[in-house]
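Note sheet for the following structure.
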Amino acid sequence: MSEATRSEVVAVAIADCWAEDGEIFASPMGLLPTLGARLCKLTTNADLVISDGESLFLASPPPLGSGTGPIEGWIPFRKVFDVVAWGPRHVMMGATQLDRHGNQNISAIGPFEQPRRQLLGSRGAPGNTVSNRTSYWVPKHSPRVFVEQVDIVSGVGRSRAEEAGPAATRFHDLHRVVTDLAVFDFGGRDEDGAGALRLLSVHPGVSVADVRAATGFALTLPEGLGPDDVPTTREPTATELMLIREVLDPRRLREKEVPS
Amino acid sequence: MSTRPRDKRMSIEEVIEQLEDGMTIGIGGWGSRRKPMALVRAILRSDLKDLTIVSWGGPDVGLLARAGRIRRLVYAFVSLDSIPLEPHFQRARQEGTISEVVELDEGMFQTGLRAAAQRLPFLPTRAGLGSDVLVNNDWLRTVESPYPGPDGTPETLVAMPALELDVALLHLNRADAHGNATYLGPDPYFDDLFAMAAAKTFLSVEQVVDTAGLTIDTPVQRLLIDRMMVDGVIETPGGAHFTSCVPDYDRDERFQKAYAAAAKDEAAWRAFEARFLAGDESAYQAAVKEFDDE
């Protein structure tokens, strides 16, 4: 089988986010996260609960862009919010901005009163981040996304949660950020305290210098590691490649989000 | 004396007669799905202004914002779903034409509707803590639990105020003349909560049927709305167009694309308005049919 493309490395890195979660609801926002969740269910976590992103729990992962296959449950929007409050859920959201402190913005760019660019709105990001395990997916890693400080805090980083008190930190659980270049966690510290973004691995063919150039704040590396020692994101296994190529995404929709 | 409950059927125009400037209007559906668009179009034809709109926002918010009818907007998102950003809403925000903007978290929004539906001043929720939702709406308050938390310290939660509505506008698939109604698609959205949060509810439907007809081919669990919640029933086939109203019809993606494209250009929007929004609802439906046949 030919070498893995960047989008396939990313799909596997995303799938790994849910590997240890057990029987919880995976809520992927966007195409690669959806592919990753479905791959995870077919490989490392058969107990994972997946949906069509609308109102149905799917019994087995269908290919991207095709039908639903057998249905195992009903999850209209009102029940999604019930699960958010109840807890067994790991959401992977997008981020128009993500800052060093782990805050995310999907609301608007510029001042809230009259933004330069209005986006979707806060959606469920505030509630998700103080209620469920949360990861982020950034398809185009750039200094416009990775900023020193987001313009509007939609998704709540650790230090902001701590400021808000124990009700905000009780279930606050930021997990991973996967981009087209690298994987981060929130194990760093900055002047605001814990929960700062920390580089975990760079994808095959990407250097720490590449990631640094595409990030608008000083990178935190894993403790004790120099730029040359940062691990490389793992390559997909032959089984994973087969599942991505033959089963889950034969139409190669992944290439639209992360071109080779 | 009749033993039947009263007949609540009315025209779109009769609904508009019951609305007033400055009212708080909740609009059912979600994004670009099962929106009471025929009623929204009727508001556009009226002189109503200074409205507070409470909505899981889609083109309902976009059209009302473009027409300058919204004084205060309460939302967690505004989107056309297959087109992520609603162009009129985006422009209204960027030009600062909506004087009061209340952007909430989705869970807060639902909690606010629940509080109103339960006639409570507020309900506690975790959603919103630590986020700029509490900064940009500095009138929102937190509340300390009267009970100890898991570590003995009481939790401080968001006290989400009731989103009380003067009027709720909804669109479902079928109703009887008395206001009992079923949704036939996969998601009820939050239409029953809107109805219970509102002093008055006007319900448009694809089809008015006999009461017995409501459950003839449909499980009783789909009777989302009962007549105690409803003040008026309006039969408006295609009344959710161009949003989806499955299984009656999917979103009209081609029309939505034309809508979004026209929104970006002043002349194109004036042409769109002249073609689709200048006449009454039957003129709209006729213009859509003509657009379909192109």
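Please treat every number below as a calculation from the coordinates, not as lab data. Remember, it's a predicted structure, so these values are computed and weren't measured experimentally. Neighbour counts run over all protein chains shown; Cβ positions are idealised from the backbone, glycine included.
Descriptive notes on the structure:
- Comparing B:Gly185, B:Gly130, B:Gly112 in a Gaussian network model of chain B (Cα springs below 10 Å), the most mobile by mean-square fluctuation is B:Gly130.
- Rounded FRET efficiency, nearest 0.05, which uses the C-beta distance separating B:Glu17 from B:Ile216 and R0 of 45 Å: 0.85
- Over the protein assembly as shown, the fraction of Cα-Cα pairs per 10 Å bin, rounded to whole percents and listed from the shortest bin up, is 4, 17, 26, 26, 17, 7, 2, 0, 0.
- Listed by Cβ neighbour count within 10 Å, with the fewest neighbours leading, B:Phe109, A:Phe146 appear as A:Phe146, B:Phe109.
- Prolate/oblate/rounded label for the range B:131-195 (Cα gyration tensor, a/c 1.5): prolate
- Of the three principal axes defined by the Cα atoms of the range B:99-211, the extents in descending order read 57, 37, 25 Å.
- Student exercise, the protein assembly as shown dipole from Lys, Arg, Asp, Glu Cβ charges, in Debye to nearest 20: 260
- Cα gyration tensor shape for the range A:24-75, rounded if a/c is under 1.5, else prolate or oblate: rounded
- The range A:138-201: proportion of alpha-carbon pairs further apart than 16 angstrom, %: 51
- The lysines whose alpha-carbon is closer than 24 Å to the alpha-carbon of A:Lys41, local same-chain residues fewer than 8 away aside, are A:Lys79, A:Lys256.
- Each Lys and Arg contributes +1 and each Asp and Glu -1, all at the Cβ; summed about the Cα centre of chain B, the dipole is approximately 180 debye.
- Note on chain A: with a GNM built from Cα contacts shorter than 10 Å, the maximum mean-square fluctuation among A:Val49, A:Val230, A:Val178 falls on A:Val230.
- For A:Val150, the residues whose modelled amide H falls within less than 5 Å of its own, excluding neighbours fewer than 5 places apart on the same chain, are A:Asp99.
- Leading residue at positive end of dipole, chain A (Cβ point charges), from A:Ile109, A:Thr232, A:Pro126: A:Ile109
- Placing +1 on the Cβ of every Lys and Arg and -1 on the Cβ of every Asp and Glu, with no other charges, gives the range A:61-114 a dipole of roughly 100 debye about its Cα centre.
- Scattering profile of the range B:62-159 at q = 0.12, 0.18, 0.23, 0.24 Å⁻¹ [log10 I(q)/I(0), Debye over alpha-carbon scatterers]: -0.50, -0.93, -1.22, -1.27
- Shape of chain A, Cα gyration tensor, a/c cut at 1.5: oblate
- Area projected by the alpha carbon convex hull of the range A:126-249, averaged over all directions, nm²: 9.2
- Size-normalised alpha-carbon gyration radius of the range B:1-44, reference 2.2 N^0.38 Å: 1.50
- Between the range B:1-62 and the range A:32-82, the C-alpha centres lie 35 angstrom from each other.
- Spin-label model distance (nm) - B:Arg141 vs A:Ala213, 7 Å beyond Cα toward Cβ: 5.5
- Look at A:Leu98, A:Leu221, A:Leu119 and count the other Cβ atoms within 10 Å of each Cβ; fewest to most, that gives A:Leu221, A:Leu119, A:Leu98.
- Sequence-distant contacts, meaning Cα pairs under 8 Å at least 6 residues apart, place the relative contact order of the range B:203-246 at 67 percent.
- Unit charges at the beta carbon, dipole of the protein assembly as shown: most positive-side option, A:Thr169, A:Val183, A:Thr96: A:Thr96
- Mean projected area of the Cα convex hull of the range A:60-200, taken over all directions, amounts to 10.1 nm².
- Helical contribution to [θ] at 222 nm, DSSP H n ≥ 4, -39,500 (n - 2.57), averaged over chain A, rounded to 500: -6500 deg cm²/dmol
- Comparing Cα centroids, the range A:117-188 and the range B:244-271 end up 33 angstrom apart.
- For the range B:224-294, the calculated P(r) over all alpha carbon pairs, in 5 Å bins from 0 to the bin holding the longest distance, is 3, 13, 20, 24, 17, 9, 8, 5, 1, 0 percent.
- For chain B, taking Cα atoms only, Rg and Dmax work out to 19.7, 68 Å respectively.
- Choice from B:Gln90, B:Gln18, B:Gln118 showing the highest fluctuation, given a GNM over chain B with Cα pairs closer than 10 Å: B:Gln18
- Report summary: the helix-based calculation at 222 nm, which adds -39500 (n - 2.57) for every DSSP H run with n ≥ 4 and divides by the residues of chain B, gives -8000 deg cm²/dmol.
- Extreme residue, positive dipole direction of the range B:172-237, given options B:Leu203, B:Leu214, B:Gly185 (C-beta unit charges): B:Leu203
- For A:Arg100, B:Arg41, A:Arg252, order by how many other beta-carbon atoms lie within 10 Å, fewest first: A:Arg252, B:Arg41, A:Arg100
- Computed from Cα atoms alone, the Kirkwood hydrodynamic radius reported for the range A:1-110 is 15.0 Å.
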